[in-house]
Amino acid sequence: MTTVVDHLFELIRLPSVSSLSNRPVIEYAEKVLHDKGWSTRKFTYQDSSGEEKINLVAAPPNQNVTDRDVDLAFFCHTDTVPFAVDWTNAIDPFVEGEKLRGCGACDVKGFLACLLAAADQIEPELFVGGLRLILTADEEIGCIGASHLIAAEAVRPKRIMIGEPTSLHVARAGKGYCLAKVTVLGKEAHSAHPNMGASAIFAAARLISAIEEFGKELAKELHNFFDPGFTTINVGTIHGGTAKNIVPGECEFIVEWRPIPGQSADKVLNRIHEIIDGLKLPDSGIDYRVTSLRTQSGFETQENSPLVRAIEEFTGRPAVSIPFGSEASLLSAIADEVVVIGPGDMRSAHSNREFVPIPELDLAASLVKKLMCRG
Ligand SMILES: [Zn+2]
């Protein structure tokens with residue numbers, strides 16, 4: 001029998017950085033599943049660089065993989081973030097004490113190994129009805145695989161469990177993730193004659209100050225399951241101007257906000273448009289362009305949901321909220337209940353410190369087995 005650790009070693013050895021095709025990981029999973037009588041459906045697309053990407057939907061023996069309406073789906077992404085060239089053990093995993101180290105160990109091949117070990121070890125007649133295992137591509141670059149799957153209406157589960165490292169705390173709520181690019185256009189002039197031009201940087205500064213003020217207003221709308229318990233706003237980058245003695249003709253900045261569940265993901269974007277309308281003056285020579293780059297709302301499953309309660313009871317760990325983005329934002333649109341859980345801690349992920357504690361990996365595999373089995 002292949003153990004969860006064996007599966008994880010094999011999976012880490014298959015590089016699956018988002019820029020590469022995820023076919024090797026999908027083929028590995030398919031082999032494990034087909035050997036146990038599971039049926040699979042592949043949903044393939046080409047990414048923006050022309051690489052083949054595959055989302056996989058799998059159903060246990062005696063369940064029809066083309067049935068869309070199901071009860072419980074496990075989602076797991078197959079890609080990892082890029083790793084530095086000097087991380088020599090990135091795809092050469094090893095065990096150190098109780099830690100299994102390697103790229104993807106906790107984000108999120110550890111959970112994938114749990115799913116495959118469970119599928120491998122459960123007798124065919126024991127699976128619960130309406131069960132699906134779904135592997136996605138391109139999560140790390142904006143949940144692109146999951147969006148394709150939703151657009152294809154491949155599956156409509158009542159309940160979804162998404163693998164991400166939460167130290168096996170069931171995460172039942174998460175903030176959304178939104179981004180917009182704001183370009184302020186002015187008019188260049190010699191800085192000795194500023195009245196001949198219109199400074200895009202001064203105009204951008206006024207707009208950014210107003211956005212910061214709006215952030216204080218947003219902080220009054222509280223959701224106490226989070227820390228900080230409100231929608232945060234960040235202007236993360238700004239570029240503008242060409243020289244110290246030129247009135248700048250252009251300034252561009254990126255606004256990012258993380259909306260609490262229940263708040264419209266567009267709220268900040270709409271306010272930015274209102275602020276701009278208030279700042280616009282006729283004949284000022286200043287113009288504004290706002291491009292929405294991402295709008296993912298938050299998600300929340302109620303604390304008394306039977307799925308949340310069952311997981312809390314099994315792990316002995318209380319439910320939490322997650323501060324990082326995940327496929328939950330998208331998938332909460334197609335399911336009644338969404339939770340995120342997995343072995344390992346996101347604070348070690350996306351770095352050469354990445355590891356998964358083996359006892360947590362084993363506990364996660366038992367949890368998945370329990371949820372996949374009748375009785
Ligand atoms: Zn992840």
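The values are calculated or read from the model by the stated rules, or taken from the named source; none is laboratory data. Here the structure is a predicted model, which is why all the values come from computation and not from measurement. So basically every Cβ, Gly included, is an ideal-geometry build from the backbone, and we count neighbours across all protein chains shown. Surface accessibility is based on the protein's heavy atoms, side chains included, excluding ligands, DNA and RNA. Shrake-Rupley method; radii C 1.70, N 1.55, O 1.52, S 1.80 Å.
General observations
- Residue of ALA59, ALA73, ALA152 that the Gaussian network model of the chain assigns the largest fluctuation, springs spanning Cα pairs under 10 Å: ALA152
- When the chain is described by a simple charge dipole with +1 on each Lys and Arg Cβ and -1 on each Asp and Glu Cβ, the residue from ALA198, VAL235, VAL5 located farthest towards its positive end is ALA198.
- Taking other residues whose beta carbon is less than 12 angstrom from the beta carbon of TRP87, and scoring Lys, Arg as +1 and Asp, Glu as -1, yields -1.
- Solvent-accessible area, 1.4 Å probe, carbon plus sulfur percent, for the range 233-375: 48
- LEU20 exposes around 80 Å² of accessible area when a 1.4 Å probe is run over every protein chain in place.
- Rolling a 1.4 Å probe over the protein heavy atoms leaves ASP86 with an accessible area of roughly 120 Å².
- Whole-Hz couplings from phi, Karplus 6.51/-1.76/1.60, listed for the range 139-151; x for Gly and Pro: 5, 5, 10, x, 6, 6, x, 4, 4, 4, 5, 5, 4
- Across the chain, the longest piece that holds none of the trypsin sites (Lys or Arg not before Pro) lying in DSSP loops with up to 10 other C-beta atoms within 10 Å covers 1-219.
- Cα-centred dipole magnitude for the range 245-372, charges only on beta-carbon of K, R (+1) and D, E (-1), debye, nearest 20: 240
- Solvent-accessible surface of protein heavy atoms, probed at 1.4 angstrom with all chains present, puts THR295, THR136 in the order THR295, THR136, largest first.
- Alpha-carbon centroid distance for the pair the range 3-62 / the range 224-291, whole angstrom: 40
- Surface listing: SER297, SER21 arranged by accessible area from highest to lowest gives SER297, SER21, probe 1.4 Å.
- Based on protein heavy atoms only, the range 240-281 ends up with 50 Å² per residue of surface accessible to a 1.4 Å probe.
- Magnitude of the charge dipole, the chain, Cβ model with Lys/Arg +1 and Asp/Glu -1, debye to 20: 400
- Sparsely packed loop sites in the range 190-259 (the GluC sites (Glu not before Pro) outside DSSP H, G, I, E and B with at most 15 other Cβ atoms within 10 Å) comprise GLU221.
- The value of relative contact order for the range 215-346, using C-alpha pairs under 8 Å at least six residues apart, is 18 percent.
- Cα centroid of the range 301-324 to Cα centroid of the range 133-176, whole Å: 17
- Its DSSP H runs of at least 4 residues, each contributing -39,500 (n - 2.57), put the calculated 222 nm mean residue ellipticity of the chain at -8500 deg cm²/dmol, to the nearest 500.
- Just the protein heavy atoms count here, and of the accessible area of the range 1-152 at 1.4 Å, carbon and sulfur take up 51 percent.
- The relative contact order of the chain, computed from alpha carbon pairs under 8 Å that lie at least 6 residues apart in sequence, is 25 percent.
- Residues ILE272, ILE150, sorted by accessible area with the largest first, give ILE150, ILE272 [1.4 Å probe; ligands and nucleic acids excluded].
- Ligands, DNA and RNA are left out, and with a 1.4 angstrom probe the accessible area of the range 314-373 is 38 Å² per residue.
- Residues with amide H under 5 Å from that of HIS223, placed H, sequence gap 5 or more: PHE230
- Relative contact order of the range 254-310, pairs being alpha-carbon contacts under 8 Å that are 6 or more residues apart, as %: 49
- With DNA, RNA and ligands ignored, accessible area of VAL235 (1.4 Å probe; Å², nearest 10): 50
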